[in-house]
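Nothing in this text is a laboratory measurement; each read-out follows from the coordinates by a stated rule. Since this is a predicted model, take the numbers as computed values, not measurements. As a convention, Cβ positions derive from the backbone with ideal geometry for all residues, glycine included, and neighbour counts pool all protein chains shown.
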Amino acid sequence: MDQIVIRGGRRLSGRIPISGAKNAALTLLPCALLTDEPLTLRNLPRLADVDGFGHLLNQLGCSTTIEGSRPEDFGRVMTARATTLTSTVAPYDIVRKMRASILVLGPLLARAGEATVSLPGGCAIGNRPIDLHLKALEAFGAEIELASGYVKASAPGGRLAGGKFTFPVVSVGATENAVMAAVLAKGTCVLENAAREPEIVDLCNCLVAMGGQIDGIGTETLTIEGVDRLHGATYRVMADRIEAGSYACAAVITEGDVELVGAKAGEMEATLSALRDAGATVEATKTGIRVAMSGRAQPVTLSTAPYPGFATDMQAQFMAMATLGTGASLFTETIFENRYMHVPELARMGCDIDVRGRSAVVRGVDKLVGAPVMATDLRASMSLIIAGLAAEGQTEVNRVYHLDRGYERLEEKLQAVGADIERISAG
């Protein structure tokens with residue numbers, strides 16, 4: 001199994017290209033199931049999860065081709081076409097590896113009038129039920145059955161009738177599934193208290209480009225007027241705001257100066273505000289965002305929340321950044337109940353972190369020391385990379401397949417801005 005080896009203590013300086021967003025790409029790919037015409041996605045990141053989702057689309061009868069991309073380039077261009085769906089079953093052996101696979105449920109139900117999808121897997125960061133996905137679809141007219149670890153959904157008469165659903169709590173995945181199911185409904189579908197993440201906006205804009213009719217994009221109330229069919233389109237995947245924030249934390253902990261090329265300030269204001277609170281210089285450039293740091297990070301108090309609040313996907317990276325800060329930082333995780341699994345591994349490097357329930361106090365230490373550590377999930381993996389970049393000596397990060405799910409060619413990007421980092425392949 002591969003590992004990433006970091007010899008820390010080097011200041012990061014230079015330009016880091018930000019790839020297409022993993023979370024957006026995994027939402028846009030299932031849109032190909034909604035039409036028999038080609039959907040071409042540009043700026044698609046080279047990630048294990050993206051490849052895995054492509055395999056799932058193939059299982060359902062959707063062809064996928066890669067075009068106009070050289071191996072040395074970041075990002076790819078993929079064209080997906082589901083001329084005829086050959087299956088409406090998303091099997092356990094694929095879905096168990098990636099939670100985002102549940103997002104084929106809405107498109108299959110909309111296009112074929114039925115879907116059978118295994119209950120999902122993904123990172124082990126806590127209980128993430130899909131009950132809100134199912135309740136929203138039921139509100140639109142779907143009939144749902146759970147049997148033998150699968151969700152079986154059907155639309156009487158072949159199409160959803162339409163309806164209204166108010167989310168009791170904000171759910172990104174459920175909003176995405178519901179919107180994709182609604183675009184081909186016979187009537188009008190209304191979602192209240194819908195998620196407003198930039199990735200939701202990206203999904204809605206792509207569906208509109210395919211002929212969907214959606215009002216309220218970017219707000220908590222989405223009104224979807226069903227259409228008889230969607231057509232193909234060419235669409236560019238948004239920049240990854242979580243990747244950009246992760247590299248920003250790496251710049252701060254190494255007291256560096258980097259430009260995050262392609263990052264959009266308007267999509268990550270909570271992250272940028274937290275960086276400023278930590279003492280970083282943050283400014284927009286013609287091509288992205290510059291993040292620079294002089295001295296150690298100041299203490300921060302952060303609580304995760306749905307967008308536009310501070311993203312749960314940035315909690316672990318900020319925690320790593322705070323380990324070399326000047327005082328005590330307080331983190332509160334409100335989204336997932338088991339998202340501090342990186343803490344024991346950071347402690348191996350000399351961090352001082354006290355976890356109490358959903359809160360964690362991080363007291364800055366004078367130095368970190370490199371150590372063998374093990375990644376437990378995607379964002380936890382990045383927290384270990386960030387700590388390793390600033391630690392004395394050598395850090396060995398194991399189980400890096402987690403990183404490959406969400407960070408495109410991470411070691412190459414960090415090497416280009418001065419990091420001493422390499423991937424060592426097993427065998």
| Fully extended, how many nm does the chain gain between Glu422 and Arg11 (0.36 nm per residue separation, minus their Cα-Cα distance)? | 146.3 nm
| query | Using the 10 angstrom Cβ neighbour count as an exposure proxy, how do His342, His231 rank, fewest first? | reply | His231, His342
| task | Identify, among Val169, Leu275, Gly14, the residue whose Cα sits farthest towards the positive end of the charge dipole of the chain, taking +1 on the Cβ of Lys and Arg and -1 on the Cβ of Asp and Glu, with the dipole about the Cα centre. | result | Gly14
| request: Please give the calculated 222 nm ellipticity per residue for the chain, where each DSSP H segment of at least 4 residues contributes -39500 (n - 2.57) and the sum is spread over every residue; nearest 500 deg cm²/dmol? | output: -8000 deg cm²/dmol
| query | Got a sec? Which residues in region 17-61 would a label at Val227 touch, if it sits 7 Å along Cα→Cβ and we count backbone N under 14 Å? | reply | 32, 34-39
| note | Quick calc, region 258-355, dipole around Cα centre from Cβ unit charges on Lys, Arg (+) and Asp, Glu (-), nearest 20 debye, gives 300 debye
| said: Given region 27-69, report the % of alpha carbon pairs whose separation exceeds 11 Å. | reply: 67 percent
| request: Taking the convex hull of the Cα atoms, report for region 34-112 its projected area averaged over all directions, in nm². | output: 5.1 nm²
| note | Here the gain from full extension of Glu283 to Thr234, 0.36 nm per residue of separation minus their alpha-carbon distance, amounts to 14.5 nm
| message | Charges at C-beta only: +1 for Lys and Arg, -1 for Asp and Glu. How large is the resulting dipole of region 142-274 about its Cα centre, in Debye rounded to 20? | response | 640 debye
| In what sequence do Lys413, Lys97 fall when counting other Cβ within 10 Å, fewest first? | Lys97, Lys413
| request: Bin width 10 Å, alpha-carbon pairs only: give the P(r) of region 111-228 as whole percents, running from 0 to the bin holding the largest distance. | output: 14, 46, 34, 6
| task | Calculate, for Ala112 and Glu220, the FRET efficiency according to 1/(1 + (r/R0)^6) with r their C-beta to C-beta distance and R0 30 Å; round to the nearest 0.05. | result | 0.50
| query | Given labels modelled 7 Å from the Cα in the Cβ direction, how far is it in nm from Arg356 to Ala305? | reply | 2.2 nm
| said: Once you keep just the Cα pairs under 8 angstrom separated by 6 or more residues, what percentage relative contact order results for the chain? | reply: 21 percent
| Hey, what's the per residue convex hull volume over the C-alpha atoms of region 181-255, in cubic angstrom? | 90 Å³
| From the square roots a ≥ b ≥ c of the eigenvalues of the alpha-carbon gyration tensor of region 290-366, which class results: rounded (a/c under 1.5), prolate (a/b over b/c), or oblate? | oblate
| How big, in percent, is the set of alpha carbon pairs in the chain lying more than 28 Å apart? | 47 percent
| note | Between the alpha carbon centres of region 79-106 and region 232-282 the gap in Å comes to 31 Å
| message | Show me, for region 393-408, the HN-Hα J-couplings you get by feeding each phi into the Karplus relation (A = 6.51, B = -1.76, C = 1.60, θ = phi - 60°), rounded to Hz, glycine and proline as x. | response | x, 10, 10, 10, 9, 9, 6, 6, 4, 4, 4, 5, 6, x, 10, 6
| note | If one builds a Gaussian network model of the chain from Cα atoms under 10 Å apart, the most fluctuating residue listed among Gly157, Gly211, Gly393 is Gly157
| note | Ordered by fewest other Cβ atoms within 10 Å, a rough proxy for footprinting exposure, Met321, Met374 read Met374, Met321
| When the Kirkwood hydrodynamic radius is evaluated over all pairs of different C-alpha atoms of region 279-427, what value in angstrom, to one decimal, is obtained? | 16.0 Å
| task | Compute the relative contact order of region 310-424 as a whole-number percentage, counting only Cα pairs closer than 8 Å that sit 6 or more residues apart in sequence. | result | 25 percent
| query | Using a simple charge model, +1 on the beta-carbon of Lys and Arg, -1 on the beta-carbon of Asp and Glu, nothing else, what dipole does region 200-299 show about its Cα centre, in debye to the nearest 20? | reply | 240 debye
